[in-house]
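The block underneath contains the structure these notes are about, expressed in structure tokens.
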Amino acid sequence: MDISPQLTWEVGTAYDLFISLDVLHDPERFGLRGNWAAGVRSRLPGEQREFLQESSKLHHVWVLPWLIHLPGAKDSSTVLDRLAEIPAHRRLQDISDCHLEGDFKSLLYQVSARGHWQETDRQQLSQLYAEQNRREGKSKKKISDEEVGTILQLWAEPEQFGVKYLVALQAYYEVFFREEEERIMPALIQSAAQARALAETLPLAELLDRLSQGLRFDYEDVTAVQEVVMVPSFWTTPLSYFGPIGQGHMKWAFLFGGRPNDMSLVPGEVVPELLYQTLKALADPTRLRILKYLAEEPLTPAELARRLRLRPPTVIHHLDALRLARLVHVTLSPQGRRYAARQEAIDASCDLLHQFLRGE
């Protein structure tokens, strides 16, 4: 990546307000205990809990481009006030305008204007998601017809969505996130300061790799990027978001892990989360074989599947566990994903185990 775009730095708890909702509704993907996530969700009143469960089909990270473009402070309370200033019937479109493009935008805006959706809309949206996954080399599971229908129904009732979304977010903030943002803010400030110091000495490609703890990018369209907004996130660690946030793909956002290795996503957890994820990932003979192969050379999931004589979805499941433990590099490209062992993380995990056993 031979580019030197302008780096803009932001620190704000509102990013984690929205990201945490994705984590709580898909805890396994982020290595979070499901029973703890369910306990947090249970604090919400029933109506708001059910609505956030439904709206999670949209994925709450779709709010991030709107949030990045929003001027002023990015603490949760301020952002919720700014959201309340948007008329209810306009909230969904206003928030989505920085995120949606092309056929996605055209289809969903038509459904919103029409006030209902048809079977042809479901078929078209399913096809758009399938094409997007193929184009971006994504390995995640296919979105179901039920999920597509839920998304279309939310867009068919924009004013109802606008009212319920704000009320649900306000309830979530009051019952859980107000206290959570006090806990995570010092870590976000520290992570941003450390990342800025690294940015002064590392080229962009190496900086992104270091901050994402194992994610590399090989896309030709990033060569035209003029600005990257750098945002630490406590809840997304170690997963990252890197992508365009405006028309023309000249401005991108990079959300990187802002949770220190000695802190856990679950408050009060004694065992360091990274240590638990590492030991869990390595406590499987298939994953150990995968790591051994990847220590010898980079491989794709299909190449690993052939060596292991396993189905590709099974291999991808194991690779996801290794990625959560920061034990592999993942190179993203139009051709798909290629994995390699992350030797420095393996060494660091051994050190972390020694520190924990010695009580350091």
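Since every read-out is calculated from the coordinates, none of them should be taken as a lab result. Keep in mind that what you see is a predicted model, and the values were worked out from it rather than measured. When we count neighbours, we look across all protein chains shown, and the Cβ atoms used for this are built from the backbone with ideal geometry, even at glycine.
Stretch S144-W9 to full length: gain in nm at 0.36 nm per residue minus the Cα-Cα span?
Full-extension gain reported as 44.9 nm.
Go through the range 24-95 and name the trypsin sites (Lys or Arg not before Pro) that are in a DSSP coil and have 14 or fewer other Cβ atoms within 10 Å of their Cβ.
Passing both the DSSP loop test and the Cβ count: R33, R43.
Can you bin the range 273-358 into rounded, prolate or oblate? Criterion: square roots of the alpha carbon gyration tensor eigenvalues sorted a ≥ b ≥ c, rounded for a/c under 1.5, prolate for a/b above b/c, oblate for the rest.
Prolate, since a/c reaches 1.5 and a/b exceeds b/c.
Which value results when the Cα radius of gyration for the range 229-299 is divided by 2.2 N^0.38 Å?
Normalised by 2.2 N^0.38 Å, the Cα Rg of the range 229-299 equals 1.49.
When the gyration tensor of the range 190-308 is built from Cα positions, what are the square roots of 5 times its three eigenvalues, in whole Å, from largest to smallest?
They are 28, 23, 12 Å, listed largest first.
Per DSSP H run of n ≥ 4, the term is -39500 (n - 2.57); total these for the chain, divide by its residue number, and report the mean residue ellipticity at 222 nm rounded to 500 deg cm²/dmol.
Calculated from helices alone, the mean residue ellipticity at 222 nm is -17500 deg cm²/dmol.
Sticking with the crude label model, points 7 Å out along Cα→Cβ, report the distance from S106 to V175 in nm, one decimal please.
4.2
Anyone know which of I143, I346, I316 comes out most mobile in the 10 Å Cα GNM of the chain?
Maximum among the listed residues: I143.
So what is the relative contact order of the chain, in percent, for Cα pairs below 8 Å that sit 6 or more residues apart?
20
From Cα pairs below 8 angstrom and at least 6 apart in sequence, can you work out the relative contact order of the range 226-360, rounded to a whole percent?
For the range 226-360, the relative contact order is 19 percent.
Could you give the nm distance between label points at R183 and E269, where each point is 7 Å from its Cα heading toward the beta carbon?
Going from the R183 label point to the E269 one covers 1.0 nm.
By how many degrees, 0 to 90 and rounded to 10, does the Cα axis of helix 46-55 deviate from the longest principal axis of the chain?
Tilt relative to the chain: about 70 degrees.
Starting from the Kirkwood Rh over alpha-carbon pairs, what translational D in µm² s⁻¹ does the range 8-78 have by Stokes-Einstein at 4 °C and 1.567 mPa s?
Value of D from the Cα-based Kirkwood radius: 98 µm²/s.
Less than 12 Å Cβ to Cβ from S212, Lys/Arg counted +1 and Asp/Glu -1: what total charge do the surrounding residues give?
+3
Quote to one decimal, in nm, the extra length available between S333 and I86 on full extension: 0.36 nm per residue of separation minus the C-alpha distance between them.
Stretched fully, the S333-I86 segment lengthens by 85.1 nm.
Compute the distance in nm between two label points, each set 7 Å from the Cα along the Cα-to-Cβ direction, one at Q355 and one at Q226.
4.2
By its C-alpha gyration tensor, with a ≥ b ≥ c as the square roots of the eigenvalues, how is the range 8-257 shaped: rounded for a/c under 1.5, else prolate for a/b larger than b/c, else oblate?
Note, shape of the range 8-257 comes out oblate.
Go through the range 126-202 and name the GluC sites (Glu not before Pro) that are in a DSSP coil and have 16 or fewer other Cβ atoms within 10 Å of their Cβ.
E200
Counting DSSP beta bridges with both partners in the chain, what percentage is antiparallel, nearest 5?
Here the share of antiparallel DSSP bridges comes out near 45 percent.
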